[in-house]
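Quick note: the coordinates plus some simple rules give every number you see, no bench work behind them. From a predicted model like this one, the values you see are computed outputs, not experimental measurements.
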């Protein structure tokens, strides 16, 4: 499934490139105001920090929420105490778009993550051209040389890579490229199986000085407390925020992680 999602995202990017060539996207990326400092926003603190996600649907759960106004949703996240906003831009299974990212970026003062299946330089450049401050790089979807190249390009453009892992081997690969933000996804993107304890098993292998981010399987305050106790600096939350009251939910989650 991960290979299919990545291939589809790359195909969609190639279609966009036929209308907006690489040189044009690169020019737009370089013309953007400097990216917001995600490392400062997500730095370890005395309580957990939250990346709140704008997410309409997923392959594992289907439709979650219509979210007709992503900017309004993100504004609620900012009001509720989120430290950064994640925006799904994959269209086929998550029903997102770069227009969603642009709308969110213009509405909030927080760093904004482009969450997608990124495997090409074009996708990284269009992320910056749309205002992204962070880019998700999934280790399992990328050969090591590609991961290193995209990680370096992301940094060169002033953005912060969030490098997502799902095993000890992948954590080591993230460390090899110098990742400063390392996520552990409890959901195996090949099978969609959830393992909420995976973060705890891998946390100590994340290099000292890197921000440790727990992803997926967060539906209740107890899940946040579980990740915090296992060493998470940051928790990424999507479904629980789009299916309920985002401000109240964020308040409960932040309290649980204090």
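Among [x] 33, 25, 14; [y] 25, 21, 18; [z] 29, 20, 19, which one is semi-axes √(5λ) of the Cα gyration tensor in Å computed from these coordinates? The listed entry that was calculated here is [y].
Defining a contact as two alpha carbons under 8 Å apart and six or more residues distant in sequence, what relative contact order in percent does region 2-256 show? It would help to have the intermediate numbers written out before the result.
Working: 522 pairs, mean separation 55.2, N = 255.
This gives 22 percent for region 2-256.
I need to check one value: relative contact order of region 45-96, counting alpha carbon pairs closer than 8 Å and at least 6 residues apart, in percent. Write down the numbers at each step before the final one.
Working: 67 pairs, mean separation 23.8, N = 52.
Once normalised by length, the contact order is 46 percent.
Mean residue ellipticity at 222 nm, helices only, the chain: -12500 deg cm²/dmol; runs of at least 4 DSSP H residues each add -39,500 (n - 2.57), and the sum is divided by the number of residues.
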